[in-house]
Each structure stands twice: as C-alpha cells, then as structure tokens.
Amino acid sequence: MEVIIQSTPEAAAELLARLVAHDLRVQPHLVLGLATGRTMESVYDRLARMHREQRLDFSLARTFNLDEYVGLPATDPHSYRHYMNEHLFEHVNVDLRNTHLPDGMAQDLDAECQAYEALMVKCGGIDLQLLGIGQTGHIGFNEPLSALRSRTRVKALSPITIAQNSPLFAEPAQMPRRAITMGVGTILEARRVILLATGASKADIVAKAVEGPITSMISATALQMHPRCTVIVDEAAAAKLQGVDYYRWIFTNEPEWEPYR
Ligand code: F6R
C-alpha cells in the first residue's frame with residue numbers, strides 16, 4: 001500500500017482523475033471499477049471536463065460499479081445507476097451498454113450476484129478499481145464482518161451507514177436496508193485499486209484502514225493485502241496517520257510519481 005497526501009480535497013480528486021485518465025489513454029479498453037458517493041463527485045466532474053477539453057476517450061472502456069441498493073429501479077434518483085448517469089456517463093462518450101451495475105430489482109438476487117461476477121470475468125477482470133471509504137470502514141457496501149474473501153452478494157447495511165447515507169434521500173426513512181455489493185475478495189482481484197478519502201470526518205477510519213490490524217470488522221483493512229493499492233487523502237483525512245513523513249517522502253522522491261507532482 002502507498003499513501004499519497006494532497007493539500008486539499010480538490011488536489012486529491014485531481015490526482016485521482018489524472019491517474020484514471022492516464023490509464024485510459026494507455027489502455028483504451030480499460031475495465032474500470034467505479035464507486036459512488038460524495039467523495040467521487042469531484043473526480044467524475046474532472047473526468048467529464050477532461051473528456052470535453054482534452055478529448056479523453058471512454059468509447060472503448062467498460063465499467064463495473066461496486067454496488068447498488070436493493071429495491072431501487074434505475075430510474076429512481078437515489079439509485080446508483082441514476083447517480084452514475086448523472087455524474088459521469090451522460091457527460092462522456094462511454095457506450096452505456098458497456099456500463100454495468102448490479103440490478104437491485106432482480107427477482108433472484110443471488111443469481112444476479114453470480115451473473116455480475118461472471119460478467120466481470122468475461123470482460124477480463126477489473127484493471128483499475130476506484131474506492132471510497134465509509135464511516136464503518138466499508139469499501140463498496142462491505143459492512144463490518146464481511147468475509148475477507150467475500151464475493152458479490154446482498155449485504156444488510158449497518159446503522160452507521162444508514163445514518164451516513166439516509167440524508168441523501170428525500171425521505172430518509174425510505175433508504176433501502178440492503179444492497180448488492182462486490183465482495184472484499186472481488187475487490188482484491190482488481191489489478192490496481194485506488195481509494196480516495198477526504199475531509200476530517202474520514203481521519204479516524206483512514207488511520208485504522210491503513211495502519212491498523214487487518215480485520216473483517218473494517219473491510220478497508222483488507223486492502224493491506226493488495227499488491228497494488230494506493231490511498232489518496234487530503235491533509236484533513238491524513239490527520240490521524242502515524243507515518244506521514246515517510247509517505248510524503250515517497251511521493252516526493254519516487255520517480256513513478258514524478259509526472260503527478
Ligand atoms: C459507494 C461505495 C461506498 C462509498 C463510501 C463513501 O458506491 O462504494 O463505499 O464510497 O460510503 O461515501 P462518501 O464518499 O459519500 O463519503
């Protein structure tokens with residue numbers, strides 16, 4: 001794992017957008033794993049701008065989102081399909097047929113989860129997976145006690161996550177209690193993962209995820225086992241980390257980061 005500390009949330013989002021753009025240019029058929037949430041909005045804004053101003057090309061890319069609420073149709077403004085259309089897909093030249101989210105309305109949810117896993121395999125697996133982190137330390141919706149080898153499945157949302165996300169619903173009580181999510185094991189199979197966390201409210205959980213012991217109580221700690229994981233944080237989210245001097249040294253001195261400094 002490597003930790004990159006940027007001065008502001010904007011700088012952190014900019015760095016992530018530039019990393020995605022770089023990979024997309026090198027590999028136009030990129031299979032991109034996507035996250036939703038407030039943190040990602042400014043990354044998608046930037047990718048949309050790069051498409052408009054620099055012709056960043058999404059035409060051959062394929063995307064897989066981490067999760068979707070159970071019981072919300074794609075047309076529901078609170079669904080993650082709606083979020084993705086609104087924040088990214090409508091603003092770039094991705095072929096919507098190549099954008100995938102689990103179907104939270106499927107009659108047979110277990111079959112839907114298996115089909116989602118099979119589709120990822122058919123597309124050759126995820127090249128680059130973007131992640132946020134929730135207050136429980138979830139990645140995707142892998143709430144506490146998610147098995148470190150879990151696969152795509154239905155997961156009950158924890159009270160902390162319901163408190164985190166229900167204000168985004170017009171009627172907070174209508175937030176679904178369950179979601180389909182890629183498993184921790186599914187996420188760990190991506191060739192590269194990048195987690196973005198910004199703001200003081202993420203400082204405690206970032207420190208536990210990066211420097212704490214690996215535990216299924218905090219699914220983001222499993223990223224410590226990933227061979228190519230980058231955590232991008234702003235100063236506020238980095239505030240509780242112990243090893244900041246070392247992390248800063250790496251970013252300032254390692255040649256691979258030179259184009260991004
Ligand atoms: C959503 C997802 C979640 C969020 C996390 C952070 O697809 O995977 O893990 O990334 O809940 O959400 P924000 O960015 O709203 O704090």
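The values are calculated or read from the model by the stated rules, or taken from the named source; none is laboratory data. Treat the numbers as computed from the prediction; the structure is a model and nothing was measured. Note: ideal-geometry Cβ built from the backbone for every residue, glycine included; neighbour counts use all protein chains shown. Quick note on the areas: whole protein, heavy atoms, side chains included, nothing else; ligands and nucleic acids left out. Shrake-Rupley method; radii C 1.70, N 1.55, O 1.52, S 1.80 Å.
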### Query
Of the residues in the stretch 104-123, how many are within 15 Å of the ligand (Cβ to nearest atom) and open to solvent by 20 Å² or more (accessible area, probe 1.4 Å)?
0
### Task
Would you check if PRO159 is open to solvent by 20 Å² or more (accessible area, probe 1.4 Å), within 15 Å of the ligand (Cβ to nearest atom) and free of Cβ contacts under 8 Å to residues at least 24 places away in the same chain?
yes
### Task
Evaluate the stretch 240-252: report whether one residue or more is within 18 Å of GLY132 (Cβ to Cβ), at pLDDT 95 or above and of a type in the set (Gly, Ala, Ser).
no
## Note on the structure
When (1) out of contact with any strand residue (DSSP E or B) (no Cβ under 6 Å at 6 or more places or on another chain); (2) under 16 Å from THR181 (Cα atoms) are applied to ARG52, the one that fails is (2)
### Query
Restricting the stretch 124-146 to residues that are touching a helix residue (DSSP H, G or I) at 6+ places or on another chain (Cβ under 9 Å), farther than 23 Å from ALA163 by Cα and open to solvent by 10 Å² or more (accessible area, probe 1.4 Å), which is nearest to the ligand (Cβ to nearest atom)?
ILE126
### Task
Inspect the stretch 37-58 for any residue being within 16 Å of the ligand (Cβ to nearest atom), surrounded by 21 or more Cβ atoms within 10 Å (Cβ to Cβ), not small (Gly, Ala, Ser) and not in a helix (DSSP H, G or I) and give the result as yes or no.
no
### Message
Within the stretch 78-100, does at least one residue satisfy the condition of being within 16 Å of the ligand (Cβ to nearest atom), modelled with pLDDT of 95 or more, among the charged types (D, E, K, R) and part of a loop (DSSP other than H, G, I, E, B)?
### Response
no
## Note on the structure
Out of (1) over 22 Å from TYR44 (Cα atoms); (2) surrounded by 14 or more Cβ atoms within 10 Å (Cβ to Cβ), the one THR99 does not meet is (1)
